[in-house]
1. Counting only C-alpha contacts under 8 Å and six or more residues apart, can you give the relative contact order of segment 121-221 as a whole percent?
2. Pick out, from 109, 51, 127, the residue whose Cα sits farthest towards the positive end of the charge dipole of segment 42-152, with +1 on the Cβ of Lys and Arg and -1 on the Cβ of Asp and Glu.
3. Is the C-alpha gyration tensor of segment 145-246 telling us rounded, prolate or oblate? Criteria: a/c under 1.5 is rounded; beyond that, a/b larger than b/c is prolate, otherwise oblate.
4. One-quarter of the Cα convex hull surface for the chain, in nm²?
5. Would you please give the FRET efficiency between residue 199 and residue 26, computed as 1/(1 + (r/R0)^6) with r the Cβ-Cβ distance and R0 = 25 Å, to the nearest 0.05?
6. Have a look at 275, 25, 183 and tell me which one the Gaussian network model of the chain (Cα, springs below 10 Å) gives the largest fluctuation.
7. Can you list the residues, at least 5 places off or on another chain, whose amide H is less than 5 Å from the amide H of residue 99, using H built in the peptide plane?
8. Report the Cα centroid-to-centroid distance between segment 28-91 and segment 255-295 in angstrom, as an integer.
Amino acid sequence: MQDTLRIGTLVRGGEAVTVIPQIVQHGFESFNLNFWQTTGETNLVETAARLRELAAEHDFVISSVGIYGNPLSGTGDNADTLASWERLIDHAHLFGTDIIGGFTGRLPGSSIDESIPRFAEVFSELSKRAADRGLRIAFENCSMGGNWQAGEWNIAHNPSAWEKMFNAVPADNLGLEWEPCHQLIGLIDPIPQLRKWVNKVFHVHGKDATIAWDIVKEYGIHGPKSYVWDRTPGFGDTNWVDIISILRQAGYKGTIDIEGWHDPVYQGELEMTGQVHALNYLKYCRGGSFVPNPV
């Protein structure tokens, strides 16, 4: 029997049928498929069919399908992002998942407050489309270099923005694709935040951060020296035992999927070394492998 909280990793949607067979033997229990700005030329029906075969063979699940672009702008490289949201909503059932993840988008160069009406317009319709199919939408909490006043990608990176978003579109199937990394970058303590927001957390990305507090205290956060680094779980500052305990206490039945390709140390030829360490570390933090109780 499998633990109800699986540990997996992110894989590019267009590469999934090639990459998953190469890494699944390391013990990944779930895969989050992600697309950048567009689903492009990926045949979702054929991809889902092949992944169902692999899942049956190796006992993994597709935890989420995600599209990471700006669905509110509809211009340039984001011209297909909104249509890709609709495409993934329509095809999610073929992958066996009920979660579509991604950025909210925002009006380029505009504040979060100025972007909320357009967010409400777009995601009122997308949330209904998803709800009709029994699906949930989970917003990634990365700032993508933006702040409250301006940005190009995402408004869902601050709890005050979450309040505004969920008030503007009060749909039960809208929630968060949460991770502690982005909170630490903003010098927010992720643990009390998770306790407060856990019932809106639909999906968790396994990404951490390390804060150099000596640099913060001497140079601040706007100086020439970097004060924080993205880290793969097991190498960062976050207590993942606390995170998993909070998730379990709230009845979370989803996955934690490692978001690799960011760690400044375990990169390049050490990428999968770092990811497999994170996989085993997160399994340890959840209590190890599932052990059935005696009858």
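The values are calculated or read from the model by the stated rules, or taken from the named source; none is laboratory data. Owing to the predicted nature of the structure, the values given are computational and were not obtained by experimental measurement. Here Cβ is always computed from backbone atoms with ideal geometry, including for glycine, and neighbour counts include all displayed protein chains. The area values use the complete protein model at the heavy-atom level, side chains included, leaving out ligands, DNA and RNA. Shrake-Rupley method; radii C 1.70, N 1.55, O 1.52, S 1.80 Å.
1. 26 percent
2. 127
3. Values: a/c = 2.38, a/b = 1.34, b/c = 1.78.
Since a/c reaches 1.5 but b/c is at least a/b, the shape of segment 145-246 is classed as oblate.
4. Values: hull surface 64.2 nm².
Averaged projected area of the chain's Cα convex hull equals 16.0 nm².
5. Efficiency at R0 = 25 Å is approximately 0.20.
6. 25
7. HN-HN under 5 Å from residue 99: 65, 136.
8. Cα centroid to Cα centroid, the span is 23 Å.
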